[in-house]
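Here, each number is a calculation from the coordinates, and none is a lab measurement. Quick caveat: nothing in here was measured; it's all calculated off a predicted structure. Don't worry about glycine lacking a Cβ; one is built from the backbone with ideal geometry, like all the others, and counts go over all protein chains shown.
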Amino acid sequence: MNHVELETQVWTKGICASCGACAAVCPARTIVINGQEPLYEGHCREDEGIPCGACYDSCARIKEPGQLKVLENIVAARSVRDVAFAQSGGAVTALLASALENGMIDGAVVLDTNRLTKEARSILVTDAKELMKASGSRYSWGNALEVLGDAVKQGYQRLAVVGTPCAIQSIRKMMGSDIDVVRCYGRCVVLTVGLFCSSIFNDIEGAISGILDIAPQDIMRIEISGKIKVLTDTGWEVIPISSVKDRILPGCAHCTDFSARYADISAGDTGSKQGFTTLIVRTPAGQSAMQMALRSDRLEISTDVDPQAIIIKENERSCVR
């Protein structure tokens, strides 16, 4: 299977998650993400008779990865140390900072935002200071796996990846691939942090700034949970989520995974009180990362969490198809 089948079965059907996995693993670099759309450019290796199939094999929209054997330890957590742009307790930042400082990972692929334009972009951070600058939730689309390919080619062998459920699914596909060129990326990812997600938006900050008649840089924080709360220098504004539904990416309509069930650790604000992050620790790697953060005095946890709230959200997503 190659890019032709991928285009036929995913791209042209409007079910692409725009995660960027196909572009990340393409050895010929002939797949790019143009806006939110994958685009085939140049010459595929298979055009020259060289077997490949990397793009097809890494796409979770073709077939989801096999289920994990999960631990399902659910806690509420927050960063012990101040995180300037943290959302929901800063627990993800604390986990990654600890993993970097203790050598569990040598880099983390995360989404950052231009503080002025609010444009989301994928970056590789390699120390806690860089990580702090990229903290905070992103609701606008960014090519989550854009820099993964470059990071592996640069020699990083112990990477963490933070992403939405669709991106984490593709990472799991890489990990289980029978194709060497794909599996080499999976081997370099040692920790995945999946973010609770109901939908990804195309430039939600632009939409909100138009609705509220403010500049994008005046948006200090966004929280989405059934409604949209926007913090500006004059306080909180609330707008209905229906006002930005036209910004939801088409591929989101085909996703049934709210809590990133293929991640080592899943994270979000559903189920925890204000100022805390809900963490679902699913694998031994996730458990190791959390215990390391606790020992490093980076993270504190509580059992004050409501799993039923997560189940409700999961059930809502399971009905999208």
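Where does each of 241-249, 104-112 land if you order them by average Cβ count within 10 Å, highest first?
Working: 241-249: 14.9, 104-112: 23.2.
Packing order, densest peptide first, comes out as 104-112, 241-249.
Counting every other Cβ atom within 10 Å of each residue's Cβ, Met220, Met174 order from fewest to most as Met220, Met174. Size of region 204-247: Rg and Dmax of its alpha carbons, in Å, are 9.4, 27. Ranked by how many other Cβ atoms sit within 10 Å of their own Cβ, fewest first, the residues Thr283, Thr164, Thr270 fall in the order Thr283, Thr270, Thr164.
If r is the Cβ-Cβ distance from Trp236 to Lys273 and R0 is 22 Å, what FRET efficiency results, to the nearest 0.05?
On the way: r = 17 Å, r/R0 = 0.79.
According to the calculation, E is roughly 0.80.
Ordering 203-209, 234-240 by mean Cβ neighbour count within 10 Å, with the highest value first, yields 203-209, 234-240.
Computed FRET efficiency, Cβ-Cβ of Asp82 and Lys245, R0 41 Å: what is it to the nearest 0.05?
Working: r = 35 Å, r/R0 = 0.86.
The computed FRET efficiency comes out at 0.70.
Please state, rounded to one decimal and in Å, the Kirkwood hydrodynamic radius that region 121-193 gives when every pair of distinct Cα atoms enters the mean of 1/r. Each step should come with its number before you reach the end.
Working: mean 1/r = 0.0777 Å⁻¹.
With all distinct Cα pairs of region 121-193 included, I get 12.9 Å.
Computed extension length for Asp150-Gln67: 27.1 nm, one decimal, from 0.36 nm per residue of separation with the Cα-Cα distance subtracted. Here Ile74, Ile228 are placed in order of increasing Cβ neighbour count within 10 Å, fewest first, which gives Ile74, Ile228. First obtain the Kirkwood hydrodynamic radius of the chain from its Cα pairs, then insert it into the Stokes-Einstein equation at 10 °C and 1.306 mPa s, and state the resulting D in µm² per second as a whole number. Rounded to a whole number, D works out at 80 µm²/s.
Taking R0 as 45 Å, what's the FRET efficiency between Asp218 and Ile50 from their Cβ-Cβ distance, rounded to 0.05? Write down the numbers at each step before the final one.
Working: r = 51 Å, r/R0 = 1.14.
For Asp218 and Ile50, the calculated efficiency is 0.30.
Quick one, what does Rg over Rh come out to for region 3-57 if you take C-alpha atoms and the Kirkwood Rh? Mind dumping the intermediate values first?
Values: Rg = 10.4 Å, Rh = 11.2 Å.
Ratio of gyration radius to Kirkwood radius: 0.93.
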